[in-house]
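The structure appears below as structure tokens.
The values are calculated or read from the model by the stated rules, or taken from the named source; none is laboratory data. Note that the coordinates shown come from a computational prediction; the quantities given were computed from them, not determined experimentally. Here Cβ is always computed from backbone atoms with ideal geometry, including for glycine, and neighbour counts include all displayed protein chains.
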Ligand code: FES
Ligand code: FES
């Protein structure tokens, strides 16, 4: 299993809208973080879909190593 690229070592705060779908970048290569821009093509990564069931502020994982993808679970603070 290839390691994802660390886009940033902190989460992306984002306001999601109820009823909308979001595609979180899992590979870390997207230029439109934290979302997929298609840059994963040719890799073993694919984006993670998140369907917002309410309008709220969320914290998407920026390091791409979270155990609770697509959200930050604090793993970024333990990365080497
Ligand atoms: Fe990273 Fe699509 S660009 S998953
Ligand atoms: Fe990835 Fe926090 S930014 S776990």
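Got at least one residue in the stretch 17-32 being in contact with a helix residue (DSSP H, G or I) (Cβ under 9 Å, 6 or more places away or on another chain) and away from ligand 1 (no atom under 16 Å from the Cβ)? Scanning the stretch 17-32 turns up no residue that is in contact with a helix residue (DSSP H, G or I) (Cβ under 9 Å, 6 or more places away or on another chain) and away from ligand 1 (no atom under 16 Å from the Cβ). Only one of the listed residues (30, 39) is within 16 Å of ligand 2 (Cβ to nearest atom), over 17 Å from residue 73 (Cα atoms) and at pLDDT 95 or above. That residue is 30. Each residue in the stretch 1-27 was checked for being at pLDDT 95 or above, part of a loop (DSSP other than H, G, I, E, B) and either more than 16 Å from ligand 2 (Cβ to nearest atom) or farther than 23 Å from residue 80 by Cβ (or both), and 4 of them qualify. Inspect the stretch 39-55 for any residue being surrounded by 13 or more Cβ atoms within 10 Å (Cβ to Cβ) and in contact with a helix residue (DSSP H, G or I) (Cβ under 9 Å, 6 or more places away or on another chain) and give the result as yes or no. Checked against the condition, which is being surrounded by 13 or more Cβ atoms within 10 Å (Cβ to Cβ) and in contact with a helix residue (DSSP H, G or I) (Cβ under 9 Å, 6 or more places away or on another chain), the stretch 39-55 yields no hits at all. Of the listed requirements (1) within 14 Å of residue 5 (Cα to Cα); (2) outside any loop (DSSP other than H, G, I, E, B), residue 43 misses just one: (2). Out of all the residues in the stretch 58-79, is one or more without any contact (Cβ under 8 Å) to a residue 24 or more places away in the chain, farther than 16 Å from residue 7 by Cβ and outside any loop (DSSP other than H, G, I, E, B)? Yes: the stretch 58-79 contains one or more residues that are without any contact (Cβ under 8 Å) to a residue 24 or more places away in the chain, farther than 16 Å from residue 7 by Cβ and outside any loop (DSSP other than H, G, I, E, B).
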